[in-house]
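Enquirer: Sharing a structure, written as structure tokens. Questions coming.
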Amino acid sequence: MHFSEIEVTVDGAKAAVTLNRPDKLNPLSTTALRELAQAARNLDTLPDVKVVVIAGSGRAFSAGADLASFASPGGPPPREAADAGRLMAEAIEAMRAVTVAKIHGHCVGGAVVLAAACDLRIAADDTRFAIP
């Protein structure tokens with residue numbers, strides 16, 4: 001599985017989904033939200049995968065919505081961009097495998113929704129949660 005804003009690895013019964021734009025604190029662009037939903041659907045077709053850990057690379061889980069991507073010319077209409085978040089949460093929540101959010105640093109807005117869609121959440125002592 002190849003994605004542009006997330007990384008997906010599978011090792012036997014365990015899979016890892018990593019938000020991979022650490023230079024921007026792993027923002028949730030429309031692309032990232034769609035990739036998360038697609039990764040969830042793809043992993044759900046692998047019967048050997050029993051646990052999926054969702055994390056962020058670098059110093060944060062995710063700083064939340066990538067507002068620049070939502071407002072960019074030629075980008076998706078605001079309603080479609082917002083719907084991508086709902087579709088992502090539904091896909092993560094519907095997974096058969098146990099999902100674990102591995103949270104550190106910032107977990108803001110849509111990232112809180114992503115973490116809440118997981119079955120379990122583990123947060124480092126330095127985690128800062130916010131819903132603007």
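Taken together, the values in this text are just the output of simple stated rules run on the coordinates, not laboratory data. A quick note: this is a predicted structure, and the numbers were derived from the prediction, not measured. When we count neighbours, we look across all protein chains shown, and the Cβ atoms used for this are built from the backbone with ideal geometry, even at glycine.
Enquirer: Pick out which of Leu25, Leu114, Leu67 has the largest mean-square fluctuation in a Gaussian network model of the chain, springs linking Cα atoms closer than 10 Å.
Expert: Evaluated over the chain, the most mobile residue of the options is Leu67.
Enquirer: Could you calculate the contour length gain from Thr127 to Ala82, that is, 0.36 nm times the residue separation minus the distance between their Cα atoms, to one decimal place in nm?
Expert: 13.7 nm
Enquirer: Stokes-Einstein D for segment 23-74 at 25 °C, 0.890 mPa s, Kirkwood Rh over Cα pairs, in µm²/s?
Expert: D = 195 µm²/s.
Enquirer: Which distance in nm do the two modelled labels at Arg41 and Ala94 give, with both placed 7 Å along the Cα-to-Cβ direction?
Expert: So the two model labels end up 0.8 nm from each other.
Enquirer: When you count, for each residue, the other Cβ atoms within 10 Å and take the mean per peptide, how do 44-53, 104-113, 83-92 rank with the highest first?
Expert: Highest mean packing first, the order is 104-113, 83-92, 44-53.
Enquirer: Estimate the FRET efficiency between Leu67 and Ala13 by the formula 1/(1 + (r/R0)^6), using the beta-carbon distance for r and 30 Å for R0, to the nearest 0.05.
Expert: The pair Leu67/Ala13 has a calculated efficiency of 0.20.
Enquirer: Rounded to the nearest 20 debye, what is the charge dipole size of the chain about its Cα centre when +1 sits on each Lys and Arg Cβ and -1 on each Asp and Glu Cβ?
Expert: So the magnitude is around 120 debye.
Enquirer: Same structure again: At a Cα cut-off below 13 Å, give the aspartates and glutamates reachable from Lys14, other chains included and same-chain residues fewer than 8 away excluded.
Expert: Asp44, Asp48
Enquirer: Any chance you could tell me what percent of the C-alpha pair distances in the chain go past 27 Å?
Expert: For the chain, the share of Cα pairs beyond 27 Å comes to 12 percent.
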